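Let me begin by presenting the structure, written as structure tokens, before commenting on it.
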Amino acid sequence: MSNLRLLHVGLGPLGLRIQQDLLDKGLGVTVAAVDLAPDVAGRPLSQLVPGASNVRVLSSLDEVSNWEEIDAAIVTTSSDLAKCETTLAHILSRGVAVVSSCEELVWPWLRHKALAERLDGIARNAGSQLLGTGVNPGYLMDALPVFATAVCKSVRSVRISRIQDATSRRVPFQKKIGAGLSPAQFQAAIGEGWLRHVGLGESLHFVANSLGWPVESWKETIEPVLATKPLQCALGPIPVGYAAGVRQTAEGVSGGVVKLRFEFQAAIAQANPHDRVQLESEPPLDLVFQGGVHGDVATSAIVLNAIAPLLSARPGLHTMATIPTVACFDPRTAAK
């Protein structure tokens, strides 16, 4: 679907990349934009993304006056679903579908069951749709491995790893993985709740639910990846012994045994980056993306590619398992 008329909330680094990709592919036009940052609100969108529409970036959804022109909305603001609730509810109540990069929205029943039910109710009543997606969570550690099991007679366990070189990732991502922090600062940041890859547990429960495996218990660990030589990142120098990134693991028990093993590691100058899905299954499957999938490029792509499938889905809260298959649509190469 091209010629989409979009509302975009959240014009940080990811939001601006999505706007640039929207423009490059000719998928549509942004007819309303919202961002709270004082250095962004009030400026024409075209100043932030040359060639984009000249709509003025608003500081609040309350200032949006052209709801009848909007086909769908993109929300790229926070990983925390509770912080997104007001924004999502406002847009959904207007009957407008929303695709969001909020990681906790990929499987919101894990941490926000009541909130998920509220948003689902708002969407159903207003005839709108809601989806949380991204490269991870949303695809590499959940939707992709689940789809891979379609050719399996049986599956006994799932092991997924995402090992990333974060050197070329955007600054907020490098900050989120703790790059440049001392071990003490790293531990303090974990305690404060902002240093972690958000979504590992959501991915685990998405996969388990799709395979019909009740999760009897699960656990998650987090630790720093320490620099063994001086490094440099977008946040500054990283001395030896300081954090170059983060390693997280999650395990899920079903049927009395560990059936799900997930590993996420992202660090500056990470060696041998790759994404891997291993299925102990009949037939056995081992899928590897050598070099790994670039997170910023892929997140922008999947957010835009998911809009058309979501618009064709029933009203309500969705996951990547309940909408039509998401695929790359590029008007520049599509058959005329």
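Before moving on, here are some points about what is shown:
- Subset tally (residues that are in a helix (DSSP H, G or I) and surrounded by fewer than 19 Cβ atoms within 10 Å (Cβ to Cβ)) for the stretch 26-62: 5
- Residues in the stretch 6-59 that are in contact with a Ser or Thr (Cβ under 8 Å, 6 or more places away or on another chain), charged (D, E, K, R) and in contact (Cβ under 8 Å) with a residue 40 or more places away in the chain: Arg17, Asp21.
- The residue that is farthest from the chain's Cα centre (by Cα), counting only those in the stretch 258-288 that are without any contact (Cβ under 8 Å) to a residue 24 or more places away in the chain and part of a strand (DSSP E or B), is Asp286.
Condition check ((1) under 18 Å from Ala306 (Cβ atoms); (2) in contact with a strand residue (DSSP E or B) (Cβ under 6 Å, 6 or more places away or on another chain)) across all residues:
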| position | (1), (2) |
| --- | --- |
| Leu6 | yes, yes |
| Asp21 | yes, no |
| Arg43 | no, no |
| Gln47 | no, no |
| Ala82 | no, no |
| Ser100 | yes, yes |
| Glu103 | yes, no |
| Val106 | yes, yes |
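- Selected residue (criterion: nearest to Phe206 (Cα to Cα)) from residues of the stretch 239-256 that are in a strand (DSSP E or B) and in contact with a Lys or Arg (Cβ under 9 Å, 6 or more places away or on another chain): Gly252
- Count of the stretch 299-323 residues, restricted to those that are within 18 Å of the chain's Cα centre (by Cα) and surrounded by fewer than 18 Cβ atoms within 10 Å (Cβ to Cβ), is 2.
- Entirely in the stretch 76-154, the helices (runs of 4 or more DSSP H) that have 3 or more residues that are of a type in the set (D, E, K, R) and at pLDDT 95 or above: 113-126
- Comparison of Leu279, Leu317 shows that the only residue that is farther than 26 Å from Ile18 by Cα and of a type in the set (A, V, I, L, M, F, W, C) is Leu279.
Okay, residues lined up against (1) over 20 Å from Arg276 (Cα atoms); (2) modelled with pLDDT under 95; (3) among the small types (Gly, Ala, Ser):
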site	(1), (2), (3)
Ile160	no, no, no
Ser203	no, no, yes
Phe206	no, no, no
Leu211	no, no, no
Lys229	yes, no, no
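- The single condition among (1) within 22 Å of Gly241 (Cβ to Cβ); (2) in contact with a helix residue (DSSP H, G or I) (Cβ under 7 Å, 6 or more places away or on another chain); (3) surrounded by 22 or more Cβ atoms within 10 Å (Cβ to Cβ) that Gly180 does not meet is (2).
- Residue match in the stretch 309-332 (condition: closer than 30 Å to Gly241 by Cα and either assigned to a loop (DSSP other than H, G, I, E, B) or among the charged types (D, E, K, R) (or both)): no
- Residues of the stretch 13-33 satisfying the condition of being out of contact with any Pro (no Cβ under 7 Å at 6 or more places or on another chain) and within 27 Å of Ala234 (Cα to Cα): Leu14, Gly15, Leu16, Arg17, Ile18, Gln19, Gln20, Asp21, Leu22, Leu23, Asp24
- Inspection of the stretch 85-95 finds a residue satisfying the criterion of being closer than 28 Å to Trp218 by Cβ and buried (at least 20 other Cβ atoms within 10 Å of the Cβ).
- Applying the condition of being of a type in the set (A, V, I, L, M, F, W, C) and surrounded by 16 or more Cβ atoms within 10 Å (Cβ to Cβ) to the stretch 63-84 and asking which residue is farthest from the chain's Cα centre (by Cα) yields Val64.
- Listed conditions (1) closer than 19 Å to Asp165 by Cβ; (2) not in a strand (DSSP E or B) are all met by Ser203, apart from (1).
- Filter result for Arg196 (at pLDDT below 95 and surrounded by 15 or more Cβ atoms within 10 Å (Cβ to Cβ)): yes
- Filter pass, Ser128 being closer than 21 Å to Leu16 by Cβ, in contact (Cβ under 8 Å) with a residue 40 or more places away in the chain, of a type in the set (Gly, Ala, Ser) and crowded, with 16+ Cβ neighbours inside 10 Å: no
The values are calculated or read from the model by the stated rules, or taken from the named source; none is laboratory data. What you see is a predicted model, and the numbers here were worked out from it, not measured in a lab. A quick note on method: Cβ atoms are made from the backbone with ideal geometry, for glycine too, and the neighbour counts reach across all protein chains shown.
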